[in-house]
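Notes for the one structure printed next.
The values are calculated or read from the model by the stated rules, or taken from the named source; none is laboratory data. Just so it is clear, the structure is predicted and the values come from calculations on it, not from any experiment. FYI the Cβ positions are ideal-geometry reconstructions off the backbone, even for glycines, and counts take in every protein chain you see. Each accessible area value is taken on the protein alone, full model and side chains, heavy atoms only, with ligands, DNA and RNA left out. Shrake-Rupley method; radii C 1.70, N 1.55, O 1.52, S 1.80 Å.
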Amino acid sequence: MEFDLVIDGGRVYVDGRFASLNVGVLAGRVAAMSALPMRTHAQGTSINAAGKLVFPGTIDTHVHFRDPGRTDKEDFESGTRAAAAGGVTTVLDIQNNVPLTTDATVADEKHAAIASKAHVNYGIYGSVGVQNLDKLAGMADRVVAFKAFMTKSVGPLTVTDLGDLSKAFAAIKGLGRVFTIHAESDAIVQVAKEGLPDHISSHVKSRPRVAEWVAVAEAIELCREYRVPLNIPHISTGRAATLVKQAKEDGLPVSGATCAHYLLFTDDDVIAGGGFWKVNPPIKFAEDREQLLAAVKSGAIDHVHSDHAPHTLEEKSKNFLAIPSGIPGIQHQLPALLELAARGALNYEDVGRLLCDGPAQAFGLDRGRLTVGAAADVVIVDPSVETCSAPSDLQSKTGHSIFTGLTLRGRVATTILAGTVIFDGAGLPRLATPSGQRLSARV
Ligand code: DOR
Ligand code: ZN
């Protein structure tokens, strides 16, 4: 057999471990995986992955590109270009600016706006507010999941009242979609933010750890009652990770995710670094970081996403209270986890679990696995080469990142989407016509 693409000599992540395998791709799908030599046809591409790790293309279940509405900050083209450079081949996008994805018509308009711009595969979330509970069933076939905010973050829509949140659970029940809840308690945040000075050190005080603990507990109890698959994203405290672990042990359909910024940084970095580190939930303390690392290691937290949230350089340079929260991190998530593996906090198998199997399972996506017949979405990384990004390497429109200037031990060498190289590691992605597919999900 002759293939369109052969990746040979690498250590391939399959079923939770690495094996020395060659991978043959035909018509966008994995056609063979074995230790036998493979060859391409005359027009085919051969990639020598000796010394490298071959993962399924990673999945980022939680990003906020600003398309449509605020494409000056990010659009689907730039956001998915950053994804490709970061080894991400599937993104799930949450519209967090007007027009929010509140019904089937707006969902169709969003799909129309982004379809031709996606360099990687994608799905979109439906926005959940008190006002649109009767619209959720009607848009279920257009979205991969639903999202609600228990307190205001950056977008305008919230579900702060527990009665309303229980109505949202009832509305989503039976739709076969995950309900993602930004879990910080509004009542606690309202009290905590009173009278704080206009300084970055106020951020973690204005959205304290207990706001997350209480909201996560409430969301889990509603899941216990309604049995709607619940995702707790961007977990920032050790205690919240423990609550998620307990819920899973109780047999509830709960998944939990955290972000690289909670695993690498603490409040000291935020105070030293300023507004670029301002994010909701806030980056917490050394104790939380240690507990979160233990939780991703043990599987209590099942995946990692970027929460890529682009704001302009100008906005991020304002005085503290005026700075919008959000960190654009999609391009550095995989190198950040590779760095944690280089430090020994994780191993490379954990990286595959947290960025491939974990997210696919949590959201019911047909991606994140390399096996014969699977879509040939692949990322090849070189663990021995460092990522030292300069601002000029950034593909996001924002032009800033808390990860520039850091040395991360591990580098994205090649990103492949359906058998086609979309990023070859040498500077700008080699991108022609975007070929990302709209994915569906079912839980
Ligand atoms: O820091 C954040 N930024 N947290 C969110 O919940 C939303 C996000 C955004 O869209 O900017
Ligand atoms: Zn988010």
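In table form, for the structure just shown:
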read-out: Boolean, residue 134 is modelled with pLDDT of 95 or more, over 25 Å from the mean Cα position of the chain (by Cα), more than 22 Å from residue 291 (Cα to Cα) and open to solvent by less than 40 Å² (accessible area, probe 1.4 Å); value: no
read-out: Qualifying residue in the stretch 411-431 (condition: in a loop (DSSP other than H, G, I, E, B), polar (S, T, N, Q) and either more than 18 Å from residue 81 (Cα to Cα) or in contact with a strand residue (DSSP E or B) (Cβ under 6 Å, 6 or more places away or on another chain) (or both)); value: no
read-out: Selection count where residues are under 29 Å from the mean Cα position of the chain (by Cα), among the hydrophobic types (A, V, I, L, M, F, W, C) and surrounded by 12 or more Cβ atoms within 10 Å (Cβ to Cβ), scope the stretch 33-58; value: 6
read-out: Residue within the stretch 169-189 that is touching a helix residue (DSSP H, G or I) at 6+ places or on another chain (Cβ under 7 Å), under 22 Å from residue 138 (Cα atoms), of a type outside the set (Lys, Arg) and open to solvent by 40 Å² or more (accessible area, probe 1.4 Å) present; value: yes
read-out: Residue match in the stretch 162-171 (condition: within 16 Å of ligand 2 (Cβ to nearest atom) and among the small types (Gly, Ala, Ser)); value: no
read-out: Criterion (under 23 Å from residue 141 (Cα atoms), under 19 Å from the mean Cα position of the chain (by Cα) and away from ligand 2 (no atom under 16 Å from the Cβ)) met by exactly one of 104, 85, 118; value: 118
read-out: Enumeration of residues in the stretch 88-97 that are more than 16 Å from ligand 2 (Cβ to nearest atom) and either among the acidic types (Asp, Glu) or free of Cβ contacts under 8 Å to residues at least 60 places away in the same chain (or both); value: none
read-out: Complete set of residues in the stretch 281-331 that are in contact (Cβ under 8 Å) with a residue 24 or more places away in the chain, within 16 Å of ligand 1 (Cβ to nearest atom), assigned to a helix (DSSP H, G or I) and not hydrophobic (A, V, I, L, M, F, W, C); value: 316
read-out: Enumeration of residues in the stretch 208-234 that are assigned to a loop (DSSP other than H, G, I, E, B) and open to solvent by less than 20 Å² (accessible area, probe 1.4 Å); value: 228, 233, 234
read-out: Hits in the stretch 395-412 (condition: buried (at least 21 other Cβ atoms within 10 Å of the Cβ) and of a type in the set (A, V, I, L, M)); value: 402, 408, 412
read-out: Check on residue 196, more than 30 Å from residue 344 (Cβ to Cβ), open to solvent by 30 Å² or more (accessible area, probe 1.4 Å) and either without any contact (Cβ under 8 Å) to a residue 60 or more places away in the chain or more than 16 Å from ligand 1 (Cβ to nearest atom) (or both); value: yes
read-out: Residues of the stretch 358-385 that turn out to be in a strand (DSSP E or B) and surrounded by fewer than 21 Cβ atoms within 10 Å (Cβ to Cβ), as a count; value: 4
read-out: Candidates 270, 244, filtered to the one that is out of contact with any Leu (no Cβ under 8 Å at 6 or more places or on another chain), under 21 Å from residue 357 (Cα atoms) and part of a helix (DSSP H, G or I); value: 244
read-out: Long-range neighbours under 7 Å by Cβ, at least six apart or interchain, first residue away from ligand 1 (no atom under 16 Å from the Cβ) within the stretch 133-153, second of a type in the set (Val, Ile, Thr) and assigned to a helix (DSSP H, G or I); value: 136/172
read-out: Subset tally (residues that are farther than 20 Å from residue 120 by Cβ and either in contact (Cβ under 8 Å) with a residue 24 or more places away in the chain or open to solvent by less than 40 Å² (accessible area, probe 1.4 Å) (or both)) for the stretch 16-32; value: 10
read-out: Evaluation of residue 251 against (1) in a helix (DSSP H, G or I); (2) more than 22 Å from the chain's Cα centre (by Cα) (one fails), failing number; value: (1)
read-out: Among the candidates 15, 8, 93, residue that is more than 16 Å from ligand 1 (Cβ to nearest atom) and either in contact with a strand residue (DSSP E or B) (Cβ under 7 Å, 6 or more places away or on another chain) or of a type in the set (S, T, N, Q) (or both); value: 8
